[in-house]
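Please treat every number below as a calculation from the coordinates, not as lab data. Quick caveat: nothing in here was measured; it's all calculated off a predicted structure. Cβ: placed from backbone, ideal geometry, glycine included. Neighbour counts: every protein chain shown.
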Amino acid sequence: MPEVTADVRIRPLDELDLSGIVRIDEKITGIYRPDIWEQRVMFYTRRDPGASQVAEVAGNVVGFMLGDCRAGEFGLEEPSGWIERFGIDPDHRGKDLGRKLFDAACAHFRAEGAKSVRTLVDTNDTAVTGFLKAIGFGDSPLTALERQL
Ligand SMILES: CC(C)(COP(=O)(O)OP(=O)(O)OC[C@H]1O[C@@H](n2cnc3c(N)ncnc32)[C@H](O)[C@@H]1OP(=O)(O)O)[C@@H](O)C(=O)NCCC(=O)NCCS
């Protein structure tokens, strides 16, 4: 059941949300990239419908959180939620929308049997790291590694 508070609505992502997400991304990054977001929105709506969420205020999409529930990756057999991309319109921050999107995604992950939710973060990004800590993320025994090719 979608959550409705005043004129805020949290609901699952659908393909018609593409233009709203492109606009939010452009406001955050200054880059207009509809093709990239079209691929991502199609990917997430097909891979795990109901996991990814959007926030509407007065009928306009002002925030999104994309993710899915997966099992069997990295030797992890149990299902786990993954939060992969999110953004809140700068004009609508600080109103708990990020937390509400996360709570809705977690409700979906729990219903799919997940006992944990994971993400990756650039620890140089103190804003995103601060948000993730505030909504309850802590250090994981899994560590991201990389090398140059
Ligand atoms: C990070 C972001 C999602 C926060 O959204 P928001 O709706 O303003 O966050 P909320 O109002 O739900 O805040 C939830 C909690 O996070 C904390 N928080 C939010 N932004 C924070 C920040 N920049 N630094 C530290 N803590 C922060 C809040 O204080 C709140 O904590 P509290 O409940 O203990 O008071 C938003 O600022 C954003 O979209 N940033 C850009 C994200 C980005 O770069 N995305 C691209 C990568 S996919």
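General observations
- Spacing of the modelled spin labels on Asp91 and Ser19, each 7 Å from Cα toward Cβ, amounts to 1.6 nm.
- Rounded to the nearest Hz, the phi-derived 3J(HN,Hα) couplings of segment 47-64 under the Karplus curve 6.51 cos²θ - 1.76 cosθ + 1.60 (θ = phi - 60°) are 5, 8, x, x, 7, 7, 10, 10, 10, 10, 10, 6, x, 9, 6, 10, x, 8, where x marks glycine and proline.
- nm² value of the averaged projected area, convex hull over the Cα atoms of segment 3-134: 8.2 nm²
- Packing here is the average count of other Cβ atoms within 10 Å per residue, and on that basis the peptides 24-35, 48-59, 92-103, 119-130, highest first, run 48-59, 92-103, 24-35, 119-130.
- Using the rule -39500 (n - 2.57) for each DSSP H run of four or more residues, divided by the residues of the chain, the 222 nm mean residue ellipticity is -10500 deg cm²/dmol.
- 3J(HN,Hα) along segment 126-139, derived from phi through the Karplus expression 6.51 cos²θ - 1.76 cosθ + 1.60 where θ = phi - 60°, amounts to 5, 5, 5, 4, x, 4, 5, 5, 4, 8, x, 6, x, 4 Hz, with x in place of Gly and Pro.
- Amide H contacts of Arg118 (H built 1.01 Å from N, in plane; Pro and chain starts excluded): Gly81, Trp82, Ile83 sit under 5 Å, all sequence-distant by 5 or more or on other chains.
- Shape analysis of segment 8-68 places it in the oblate category; the axes a ≥ b ≥ c from the Cα gyration tensor give an a/c of at least 1.5, with a/b not above b/c.
- Cleavage-rule hits, GluC sites (Glu not before Pro), segment 60-149, DSSP coil, Cβ neighbours within 10 Å at most 15: Glu77, Glu146
- Number of Lys-Lys pairs in segment 3-134 with C-alpha atoms under 19 Å apart and a separation of 8 or more places or on different chains: 5.
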